[in-house]
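Step one of this worksheet: look at the structure below.
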Amino acid sequence: MKKIKKGLVVAVLFMLLGCSQVQENPEAKKGADDPKPLTLKVFQHIANISDGEFNEFIAGPVQRKFPHITMELVRRGNAGTGRSIEELIAAGDFPDLIWTGSNFLYDFYPNDLLYDLNPLIKQYKFDIEKFDPDVIKDIKKFGSNGELYAVPFSVNYSALFYNKDIFDKFGVAYPKDGMTWDEYVELAKKVSRTENGVKYYGSAFRGPTYIGSPLSLPVVDPKTGKSALNSDGWRKVLERMVQLAESIGTAGMPYSKVDRPQFIKEKTAAMILYNIDFIGTLIQEEINGNKMNWDMATYPSFPEAPGKSARSVSHVLMIAKSSKHKDEAFQVLSLVTSDKEVQSTSSRKGRVSALNDPEIRKLFGADLPNFQGKNAQGIFKATPAPNPAPTLYGNIAENPLNEAANNVLTGKMDINTALRQADEKHNQLIDSMKQSGISLETH
């Protein structure tokens, strides 16, 4: 098992509406004596969950089945707020459960909070086979001996979102499911033009880690523990970013020049690639009066990874190793992640269930306002790319990569020089973390 030396850490998820009413269920009480009242806390880390979602998908179902259990959400705060991981631990008040993204499990290694769920899974005969096997496989990558530190609640797929009005304006056919990257770039070129003094961009931009996500590229060499940014894979990613910039007329500009604001507010970007939690943003904009005639299609694929969309990120529940109520916490976890009614409701409200159940998937988005008629099932025509081996030093690779991309796009450096410098800077950051006492060791 992997340990950490003691030392010291899209999406905006959504749920627009509602708290379900909580009703007591006397049948849930076992034995002659009623269970003692118990409050279980959930720590929200990185991955969003709205108050409405928490009440509808977690607190409500738990209190209906376990009337003696009250659920409380604790949102992560910055240092000095009393709600950072370290401050909660110091106060002896770290929550029992953790809600986070599957790519952030390593954030809990330095404080020894990860807890292997396998013994509880066996004890309660919990059917882990119900879940998407690829999602479970990605989570298991964080354990070297078969440990499972989390169970998925939902999966954040990716999609191509587009503004139908721009395509209509220029008489260009809408994006279709199953496009390749080259087809995407060619389509972007057709709707990139200036009209009546307004510059229209065929596509918004995303950063290199997102553009390259379908290729499952590592940022750290698992054998050496050194940066893996100076590679042919990342070279191809930057080449594709240059290709897109030339197609939409942004050569010489940083990629952030055309992003969410141009797609949502200004409505000058015809397409954007994003995780599907972006649906919540678009619907909220419509509710606020900023309407857009939008739809979505399958994320475009690369020839090196046919049929693959961006890497999957699941939203998971974990039990903190420090919890004094692990059995009760596991009952909560197993209920909300595997109960068909809970998962069907969350699917109807716009979360992709992690259960391997086609009937639940068909319900996706059914209850979302202003969502009827959208190509909701198109997102499932591509399979999320597998994640590379997780690394403690993965997240700190993003800034050097972003800088390399902008240096290339603005003409300051060629691709080889930019990636060589990014690799050097990433290695410096890795060394700095190790010197601070944050490192992995296997024993």
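The values are calculated or read from the model by the stated rules, or taken from the named source; none is laboratory data. Given the structure is predicted, the values throughout are model-derived calculations rather than measurements. Cβ placement follows ideal geometry from the backbone for every residue including glycine, while neighbour counts extend to all protein chains displayed. Note: accessible area is taken over every heavy atom of the protein model, side chains too, but ligands, DNA and RNA are not part of it. Shrake-Rupley method; radii C 1.70, N 1.55, O 1.52, S 1.80 Å.
Numerical summary
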{"read-out": "Fraction of accessible area attributable to carbon and sulfur, the chain (%, probe 1.4 Å)", "value": "48 percent"}
{"read-out": "Electrostatic dipole magnitude of the chain [Cβ: Lys, Arg +1; Asp, Glu -1; Cα centre; debye, to 20]", "value": "380 debye"}
{"read-out": "Fraction of beta bridges assigned by DSSP in the chain that are antiparallel (%, nearest 5)", "value": "70 percent"}
{"read-out": "Qualifying trypsin sites (Lys or Arg not before Pro) for region 323-368 [loop in DSSP, other Cβ within 10 Å: at most 15]", "value": "324, 362"}
{"read-out": "Point-to-point label distance, residue 170-residue 327, nm (Cα→Cβ direction, 7 Å offset)", "value": "6.4 nm"}
{"read-out": "Descending Cα extents along the principal axes, the chain, whole Å", "value": "76, 52, 40"}
{"read-out": "Accessible solvent surface per residue of the chain, calculated while the other protein chains remain in place, 1.4 angstrom probe, Å²", "value": "44 Å²"}
{"read-out": "Heavy atoms of residue 66: accessible area, 1.4 Å probe, square angstrom to 10", "value": "30 Å²"}
{"read-out": "Accessible heavy-atom area order of 296, 433, 253, highest first, probe of 1.4 Å", "value": "253, 433, 296"}
{"read-out": "Mean residue ellipticity (222 nm) of the chain, computed from DSSP H runs ≥ 4 via -39,500 (n - 2.57), nearest 500", "value": "-9000 deg cm²/dmol"}
{"read-out": "Cross-link pairs beyond the 25 Å C-alpha cut-off, checked among 190/374; 199/425; 137/236; 169/199", "value": "199/425; 137/236"}
{"read-out": "By accessible area with a 1.4 Å probe, ligands and nucleic acids excluded, highest first: order of 314, 256", "value": "256, 314"}
{"read-out": "Measure of compaction for region 317-368 (Cα Rg per 2.2 N^0.38 Å)", "value": "1.34"}
{"read-out": "Exposure ranking of 426, 325 by accessible area [1.4 Å probe, largest first]", "value": "325, 426"}
{"read-out": "For a label point 7 Å along the Cα-to-beta-carbon line of residue 410, residues of region 245-265 with backbone N under 14 Å", "value": "251-258"}
{"read-out": "Across 141/189; 340/381; 65/381; 140/226, pairs whose alpha-carbon gap is larger than 30 Å", "value": "141/189; 65/381"}
{"read-out": "Length-normalised contact order for region 144-294 - Cα pairs under 8 Å, 6+ apart - percent", "value": "36 percent"}
{"read-out": "Alpha-carbon centroid distance for the pair region 378-407 / region 238-301, whole angstrom", "value": "18 Å"}
{"read-out": "Computed lengthening from residue 84 to residue 235, 0.36 nm per intervening residue step minus Cα-Cα distance", "value": "50.6 nm"}
{"read-out": "Whichever aspartates and glutamates have a C-alpha closer than 17 Å to that of residue 257, once near sequence neighbours (fewer than 8 apart) are set aside", "value": "246, 266, 403"}
{"read-out": "Cβ-derived FRET efficiency at R0 22 Å, residue 144 paired with residue 435, nearest 0.05", "value": "0.40"}
{"read-out": "Residues residue 395 and residue 51, FRET efficiency given R0 of 25 Å [Cβ-Cβ distance, rounded to 0.05]", "value": "0.40"}
{"read-out": "Accessible area of residue 257 in the full protein assembly, 1.4 Å probe (Å², nearest 10)", "value": "110 Å²"}
{"read-out": "Order by protection proxy (mean Cβ within 10 Å, highest first), peptides 72-83, 397-408", "value": "397-408, 72-83"}
